[in-house]
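The structure appears below as structure tokens.
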Amino acid sequence: MPIITSAISGPDGAYFAANFVRNSISVTNSKASIFRASVDETTGTLLPFSTVATLPEGEIINTLAQYSSYILIGTSKGFRLGEFSA
């Protein structure tokens with residue numbers, strides 16, 4: 001079951017960090033992904049989540065931060081910097 005660790009707003013929706021940890025003792029076999037949720041402008045309904053990034057196995061996401069068109073991802077191995085794009 002995924003564990004949501006962080007959420008931020010971006011230029012085109014909300015972004016959520018989720019960790020899929022197989023056991024609570026070790027993160028060796030864990031996976032982490034970032035998902036985006038957008039709103040349909042015409043109906044106001046939430047569109048299905050889409051995966052925008054997946055980290056290598058064993059690296060988990062601790063936090064997300066957003067500034068201008070950049071996203072900072074704090075992981076168990078350090079930091080990653082990305083740029084929002086269409």
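Out of the residues in region 16-31 that are in a loop (DSSP other than H, G, I, E, B) and hydrophobic (A, V, I, L, M, F, W, C), state the one that is most open to solvent (accessible area, probe 1.4 Å). Only one residue fits best here, namely Ile25. Figure legend. Inter-residue proximity from region 71-83: first residues loosely packed, with under 11 Cβ neighbours inside 10 Å, second residues not in a strand (DSSP E or B), beta-carbon distance below 6 Å, spacing 6+ or different chains. Indicated pairs: Glu83/Ser69. Search region 30-52 for residues that are farther than 17 Å from Leu64 by Cβ and pair each with any residue that is charged (D, E, K, R) when their beta-carbon atoms are under 6 Å apart and the residues are at least 6 apart or on different chains. These pairs meet every condition: Leu47/Asp40. Among residues of region 32-66 being part of a strand (DSSP E or B) and modelled with pLDDT under 90, the one that is most open to solvent (accessible area, probe 1.4 Å) is Leu46. Only one of the numbered conditions (1) surrounded by fewer than 17 Cβ atoms within 10 Å (Cβ to Cβ); (2) over 15 Å from Arg80 (Cα atoms); (3) under 13 Å from the mean Cα position of the chain (by Cα) is not met by Gly13, and that is (1).
If you go through region 54-71 and keep only what is closer than 12 Å to Gly10 by Cβ and in contact with a strand residue (DSSP E or B) (Cβ under 9 Å, 6 or more places away or on another chain), you end up with Leu64, Ala65, Gln66, Ser69, Tyr70, Ile71.
Within region 67-86, being touching an Asp or Glu at 6+ places or on another chain (Cβ under 9 Å) and in a loop (DSSP other than H, G, I, E, B) holds for Ser69, Ser76, Lys77, Phe84, Ala86.
The values are calculated or read from the model by the stated rules, or taken from the named source; none is laboratory data. Since the model is a prediction, treat every value here as computed from it, not as a measurement. Please note: Cβ atoms are built from the backbone with ideal geometry, for glycine as well, and neighbour counts cover all protein chains shown. Only protein heavy atoms, including side chains, enter the accessible area calculation; ligands, DNA and RNA are left aside. Shrake-Rupley method; radii C 1.70, N 1.55, O 1.52, S 1.80 Å.
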